[in-house]
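One structure below.
Each value in this text was obtained by applying a stated rule to the coordinates, not by laboratory testing. None of the values given here were measured: they were computed from a predicted structure. Cβ coordinates were reconstructed from backbone atoms using ideal geometry, including for glycine residues, and neighbour counts include every protein chain displayed.
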Amino acid sequence: MFETLHRKFDIAGLEEFTIELNPGDIDEEKADILKAYGINRISFGVQVMDDDMLAQLGRVHRVKDVYQTVNILSKKEFTNISLDLIYALPNQSVEQFQQSLKEALQFKLPHYSTYALQIEPQTVFYKRHKKGLLHRPREEDEVTMYQILKESMAANGVKQYEISNFAKPGFESKHNLTYWNNEYYYGFGAGASGYVPGKRIANLRPLPIYIEKAGSGEKPILEIDKIGVREEIEEELMLGLRKNAGYDERIFQHKFGLSLKDFYSDQLNKLIRQGLLTVKQGVWKLTNEGMLLANLVFEEFILDDHELEEKMRRAKIIDKNLPI
């Protein structure tokens, strides 16, 4: 695969070439191969520095594998390493999270991604949760964990640049910033997703099915979602406001030919009054409380059909997904 990439694309000038792996998946020989093919950023999913909780999550690696992986990557002089953590795990106490975070931070890595556990429908966690066999931490404990997270990262020189992401200066993920800037990207390979003007594309998985379709001359695509002006506008704010740098209203004007303050005047004023949003020199940012309640903030930017239709009529924009 790496040889094909090198043949088909000029990747010599890539600033960021990331591969994701699980702790324990890499040895020195594999690390040498990655280095030889120009991979310069490693992201690995630790989730939690606690063997019992890893077992509950169904993860096959253990804490010792995390140490082994970091040691190998350091020995092979990989300097851009990201570690993924999950908090608000079932039955996890604030103290347990704090200890897990402390142990993860002692690696002094340049990037950490940290997300609260989301219990999705049709999963084993969801079924156990509904049966009362699995208990999430209290909401106030989850808030405390997030505050500890932010304070601990800052104390270790790892700066927050997005709701769930922290990096030392210069190590912010360029790949992820593409998402949060609502920019276009291509997706190649099994299970990959892409975003191009007017559509989101998801490829088939698993790999054998993808190869079978591609080999027979068919497009190995699972689904294509059409994206209208409505979705573009909503996602622009929901993604852009995730960044600590905030969202510059001039970008909204440039992309859509609209004044952000006019288009979302009621919503923006409401969020400012509630102390969830601030604005300075045209740059809108979530407050600390706004980050804690980010999903509620983002819901404000979802307009019903009537609201959107009226705003678009006044702006003389036509969205083919709306009956106007």
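The table for this structure:
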{"item": "Nearest-0.05 FRET efficiency for GLN274 and GLU16, computed from C-beta distance (R0 25 Å)", "result": "0.10"}
{"item": "Principal axes of segment 43-125: Cα extent on each, largest first, Å", "result": "40, 26, 20"}
{"item": "√(5λ) per eigenvalue of the Cα gyration tensor, the chain, largest first, Å", "result": "34, 28, 21"}
{"item": "Residue (of GLN118, TYR146, ILE81) at the positive-pole extreme of segment 2-168, dipole from beta-carbon charges", "result": "GLN118"}
{"item": "10 °C / 1.306 mPa s Stokes-Einstein diffusion coefficient of segment 4-84, Kirkwood radius on C-alpha pairs, µm²/s", "result": "117"}
{"item": "Over segment 1-74, relative contact order from alpha-carbon pairs under 8 Å, at least 6 apart, %", "result": "36"}
{"item": "Debye intensity ratio in log₁₀ form over the Cα atoms of segment 2-168, taken at each q of 0.08 Å⁻¹", "result": "-0.28"}
{"item": "Net charge of Cβ neighbours under 13 Å - reference GLU236; Lys, Arg +1; Asp, Glu -1", "result": "-2"}
{"item": "Positive minus negative residues near MET291 (Lys, Arg vs Asp, Glu; Cβ under 10 Å)", "result": "+1"}
{"item": "Positive minus negative residues near LYS255 (Lys, Arg vs Asp, Glu; Cβ under 9 Å)", "result": "-2"}
{"item": "Using a Förster distance of 45 Å, the FRET efficiency for GLU310-THR178 (Cβ separation, nearest 0.05)", "result": "0.90"}
{"item": "Longest DSSP-loop-exposure-free segment, chymotrypsin sites (Phe, Trp or Tyr not before Pro), the chain, at most 13 other Cβ within 10 Å", "result": "10-183"}
{"item": "Centre separation in Å (Cα based) which lies between segment 234-296 and segment 6-80", "result": "35"}
{"item": "About the Cα centre, charge dipole magnitude for segment 181-226 (Lys/Arg +1, Asp/Glu -1 at Cβ), debye", "result": "60"}
{"item": "Unit charges on C-beta of K, R, D, E only; dipole of the chain, Debye", "result": "240"}
{"item": "For segment 92-171 versus segment 195-224, the gap between their alpha-carbon centres in whole angstrom", "result": "33"}
{"item": "Cα-based equivalent ellipsoid of segment 139-262: semi-axis lengths in Å, sorted from largest, via gyration tensor", "result": "32, 23, 13"}
{"item": "Relative contact order [Cα under 8 Å, 6+ residues apart], the chain, whole percent", "result": "10"}
{"item": "Total charge dipole magnitude, segment 1-114, about the Cα centre, Cβ charges on Lys, Arg, Asp, Glu only, Debye to nearest 20", "result": "120"}
{"item": "Residue among GLU212, GLU310, GLU234 with the largest mean-square fluctuation in a Gaussian network model of the chain, springs linking Cα atoms under 10 Å", "result": "GLU212"}
{"item": "Exceeding the 18 Å Cα-Cα cut-off - candidates LYS102/LYS159; LYS8/LYS226; LYS159/LYS255; LYS30/LYS174", "result": "LYS8/LYS226; LYS159/LYS255; LYS30/LYS174"}
{"item": "Value of relative contact order over segment 253-307, rounded to a whole percent, pairs C-alpha under 8 Å and six or more apart", "result": "23"}
{"item": "R0 of 45 Å, Cβ-Cβ distance GLU234-GLU77: FRET efficiency to nearest 0.05", "result": "0.55"}
{"item": "Segment 241-315 shape via C-alpha gyration tensor axes, a/c threshold 1.5", "result": "oblate"}
